1. What is the log10 of I(q)/I(0) for the stretch 54-200, computed with the Debye formula using one identical point scatterer on each Cα and no solvent, at q = 0.11, 0.14 Å⁻¹?
2. Between W55 and A81, what length in nm is gained on full extension when 0.36 nm per residue of separation is reduced by their alpha carbon distance?
3. Using a 7 Å offset from Cα along Cα-Cβ at S173, what residues in the stretch 60-95 end up with backbone N under 19 Å from the label point?
4. Could you list L95, L62 so that the one with the fewest beta carbons within 10 Å of its beta carbon is first and the one with the most is last?
5. Extension gain L199-V146, at 0.36 nm per residue separation less the Cα-Cα distance, in nm?
6. Give me K162, K86 ranked fewest to most by other Cβ atoms within 10 Å of their Cβ, as a rough exposure proxy.
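None of the figures in this text is laboratory data; all of them are computed from the coordinates on show. Since the model is a prediction, treat every value here as computed from it, not as a measurement. FYI the Cβ positions are ideal-geometry reconstructions off the backbone, even for glycines, and counts take in every protein chain you see.
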Amino acid sequence: MDEASTLLLFNHTHHLGPTFYNRNHAEITPTLLMDNISNPEANITRSLTRLTSPWAVTIIVLLVFLFSPMILIGNSLFLVAMFRFKRLRTPSNYLYMSLATSDLAIGMYMPVGMYLELGGWSQHFGSVRVCLFSYGVVITLCCVSVLVMVAIAVDRFTSLAKPLRYNNLITHSAVERYIAVFWTYSSLVGFTPLGYSILQQPDQR
């Protein structure tokens, strides 16, 4: 096997792409086709271009300004009704109040998060901690929503499985403790990266 055949076999085995040679084989010049090479930086650039394209930004803005008012109005009406009528303040409805509060905060934060996500934080703030704080708020609110929905499912299951003991198991104090634990745990999960950044590099902004 001559030198050209050996190099062709080596390139095929190691996925180096096609190699072109001159006719007399005196000079071997490997040429790699860039289209066959996976470049992570190029893929990231293409993804960012698609994300920041005019059509993508327009769709994101429309969705945010469509869902944000709906979330604000719906959850605000529920919270006003809960504070207005005392007979609605049952232990189960306390869970719904917590869920409505977290959803209301998400609706309020959606325009701000959209602005920061589209590059506002780098243009006006230029701080990594602002980005970590933004994601911490989102993670905290979403985590609270998930935990409260799980608690609502457990509450409904308890009312069906143990109806005679339901009033003794699900009390105002117990639900309030659960809600406090949910918010504390979610805050720890969401803001741990920010706290770690502050502890590791206290002088960095």
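1. -0.54, -0.80
2. 5.4 nm
3. 90-95
4. Ranking L95, L62 by Cβ neighbours within 10 Å, fewest first, gives L62, L95.
5. So the chain would gain 16.2 nm between L199 and V146.
6. Neighbour counts put them in this order, fewest first: K86, K162.
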